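Presented below is the structure to which this report refers.
The values are calculated or read from the model by the stated rules, or taken from the named source; none is laboratory data. Keep in mind that what you see is a predicted model, and the values were worked out from it rather than measured. Quick reminder, even Gly has a Cβ in these numbers, built from the backbone with ideal geometry, and neighbours come from all protein chains shown.
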Amino acid sequence: MTTAPAWWRSAVVYQIYPRSFCDRSGDGVGDLAGILEHLDHLVWLGVDALWLSPVYPSPMADFGYDITDYCDVDPLFGSLSDMDALISAAHDAGLSVVLDWVPNHTSDRHPWFVSSRSSRSSPRRDWYIWRDPSPSGGPPNNWRAAFAGVSGTEFPPAWTYDQASGQWYLHLFLSEQPDLNWSNPAVQSAMTATLRFWLERGVDGFRMDVIHAIAKDPDLPDLPPERSPIPMCAWIDDPACHPLVSLIRSAVKDANPDAVVIGEIVLPSVAQVASYYGRPAEPELDLAFNFHPLHARWDAAVWRRQIDLAVSEIAPVGWPAWALGNHDNPRQRTRYGSEARARAAAVLLLTQMGTPFLYAGEELGLADAAVAPERLVDPGGRDGCRAPIPWTPAAGHGWAGEPWLPWPPQASSGRDVESMRSTPGSTLDLYRRLLAARRASPALSLGSFAWLPSGRAAEPVLAYRRERDGDERVVAVNFSESPATLDLPGGSWAVEVSTHPRRASAVPNPLELRGDEAVVLRPGR
Ligand code: GLC
């Protein structure tokens, strides 16, 4: 007997950046009540799960990725009972709930760090990473922190000196985000207890922030000089990390075997990403984000290589995870330069072999907001993609207060959820049709992947076939602005979804794709 695939394999996960989703309280920052109000949007759209960026109590130095209590909700977003209500409403609507979990660092105002900093003899001193000054009196090594600051140009040292105790503490991100010492068993148990807390409240899994960074070489060696100007979080990949990820996985699975363990891995090679799936005897992540495609140019040859790498490096060890947008990167339309390309990218994302992650607002074809210098707030320069979601055409766009960031472009000229819902052919309509096609097709959601023999499908078109249990689909993406021709495999084919609003369903062979067009084809009669 074969067991059913885990739920998250066929799922599409919708990422909500809570500050920017919808504000009900009137303070201009999105909240849990705003998410609850719009759960129907997720159901209507056809996604299966939502992932919430952090809503824990936080001084917001990194907008929630600096946590002071892993087992509560910041009043800015609501309360624990609002969270309970959201989890249960999501479940009633058939949606799974994934929480962000930030294991690498806490806020510097977390009681653990306050105690750790208080003296060298604090029982929590060793919960963080403290070192004496280098012989010259400077930071203990040459590692740099992420984020150059709102107007900075150079990455600062990954160490901050504590005058009172005469030592430096390590922070791979802001100085307000001290790194936990995961080699300390007390840290391991305190942190895994926070996972159990949320699993008992009913969450269906976690997205684990920079999970590859949690183990440090105890010698804290310098980076080679050619690497040292780049923040350490982009390199760190210590072998001791794997048993820790495995331990974290066990903590989750012991509490709920169906819960999903997703990790953010930001490392230079796809092979390094793949290594965080672990080994059969010691599994680690269920899904590891691979950001190499997100950073790839809009070019058929570049994309062919990215898909080949996912197939050759990740698929043999685990089920790939695909993300073309998130709260850390410019939106698809901004990166690729046009809405037509962003639409083709929607087809690419939702037809790969693996679990897609869809960043809220991509379904509207949003571009990044232009944020005036005096309104920049993020030390990592990511404000543009965090612009608020416009829900309605009227001024205020369905938000109770004036949002913390400016609206994205065209929010007042039809690029809002309500207007786009009633516009056939809109990008919102395209996403909904793609998600419906994916949900209805075992080939698209769980099937195998194979390139179509190139034939005339040489660049700029990428064409592939997905197949499962006799169900099959062909997907073709034209990366060029000019028309291109594609030889289809034998048999007859019909268009299931096209990014082009006026594509007829009958398909001649060879198929003429319009510039920037992407199609999903199903077998014809
Ligand atoms: C991850 C998050 C990012 C955050 C950083 C530090 O990369 O996605 O938003 O700033 O970790 O927690």
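Odds and ends about this structure:
- Within region 324-347, restricting attention to residues that are more than 16 Å from the ligand (Cβ to nearest atom) and assigned to a loop (DSSP other than H, G, I, E, B), the residue that is surrounded by the most Cβ atoms within 10 Å (Cβ to Cβ) is Ser338.
- Every residue from region 250-271 that is within 16 Å of the ligand (Cβ to nearest atom) and either touching a residue at least 60 places away in the same chain (Cβ under 8 Å) or within 24 Å of Ser53 (Cβ to Cβ) (or both): Ile262, Gly263, Glu264, Ile265, Val266, Leu267
- Some residue of region 91-100 being surrounded by 16 or more Cβ atoms within 10 Å (Cβ to Cβ), within 20 Å of the chain's Cα centre (by Cα) and either over 27 Å from Val187 (Cα atoms) or modelled with pLDDT under 95 (or both): yes
- Residue within region 45-60 that is surrounded by fewer than 21 Cβ atoms within 10 Å (Cβ to Cβ), at negative phi and within 14 Å of the ligand (Cβ to nearest atom) present: yes
- Of all residues in region 153-177, those satisfying the criterion of being closer than 13 Å to Ala213 by Cβ and in contact with a helix residue (DSSP H, G or I) (Cβ under 8 Å, 6 or more places away or on another chain) are Ala158, Leu172, Phe173.
- Checked against (1) touching a Gly at 6+ places or on another chain (Cβ under 9 Å); (2) under 15 Å from Tyr17 (Cβ atoms); (3) in a helix (DSSP H, G or I), Glu418 passes all but a single condition, namely (2).
- Among the candidates Ser58, Ser79, Ser88, the residue that is within 11 Å of Gln177 (Cβ to Cβ) and either touching a residue at least 12 places away in the same chain (Cβ under 8 Å) or out of contact with any His (no Cβ under 6 Å at 6 or more places or on another chain) (or both) is uniquely Ser58.
- No other residue among Pro239, Pro224 is under 26 Å from the mean Cα position of the chain (by Cα) and farther than 30 Å from Val97 by Cβ apart from Pro239.
- For the residues Gln167, Gln163, Gln188, the requirement of being more than 16 Å from the ligand (Cβ to nearest atom) and touching a strand residue (DSSP E or B) at 6+ places or on another chain (Cβ under 6 Å) singles out Gln167.
Residues are listed down the side, and each one gets a yes or a no for (1) in contact with a Pro (Cβ under 8 Å, 6 or more places away or on another chain); (2) β-branched (Val, Ile, Thr); (3) in a loop (DSSP other than H, G, I, E, B):
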residue	(1), (2), (3)
Ala186	no, no, no
Trp198	no, no, no
His212	no, no, no
Asp219	no, no, yes
Ile236	no, yes, yes
Leu244	no, no, no
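- Positions within region 293-323 being in a loop (DSSP other than H, G, I, E, B) and more than 15 Å from the ligand (Cβ to nearest atom), in sequence order: Pro293, Ala296, Arg297, Trp298, Asp299, Ala315, Pro316, Val317, Gly318, Trp319, Pro320
- For Arg297, the requirement of being under 25 Å from Gln177 (Cα atoms), free of Cβ contacts under 8 Å to residues at least 12 places away in the same chain and of a type in the set (Lys, Arg) is not met.
Residue-by-condition table, conditions (1) aliphatic (A, V, I, L, M); (2) within 21 Å of Leu223 (Cα to Cα); (3) not in a loop (DSSP other than H, G, I, E, B):
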| position | (1), (2), (3) |
| --- | --- |
| Pro140 | no, yes, no |
| Ala146 | yes, yes, no |
| Thr153 | no, yes, no |
| Tyr169 | no, yes, yes |
| Gly202 | no, no, no |
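- Residue selected from region 13-28 under the condition more than 14 Å from the ligand (Cβ to nearest atom) and surrounded by 23 or more Cβ atoms within 10 Å (Cβ to Cβ), by the criterion farthest from Asp416 (Cα to Cα): Val13
- Pair list, Cβ < 8 Å and 6+ apart or interchain, from region 227-238 residues that are within 17 Å of Glu154 (Cβ to Cβ) and free of Cβ contacts under 8 Å to residues at least 12 places away in the same chain to residues that are within 16 Å of the ligand (Cβ to nearest atom) and assigned to a loop (DSSP other than H, G, I, E, B): Arg227/Trp235
- Among the residues making up region 29-44, those that are surrounded by fewer than 24 Cβ atoms within 10 Å (Cβ to Cβ) and closer than 21 Å to Pro408 by Cβ are Val29, Glu37, His38, His41, Leu42, Trp44.
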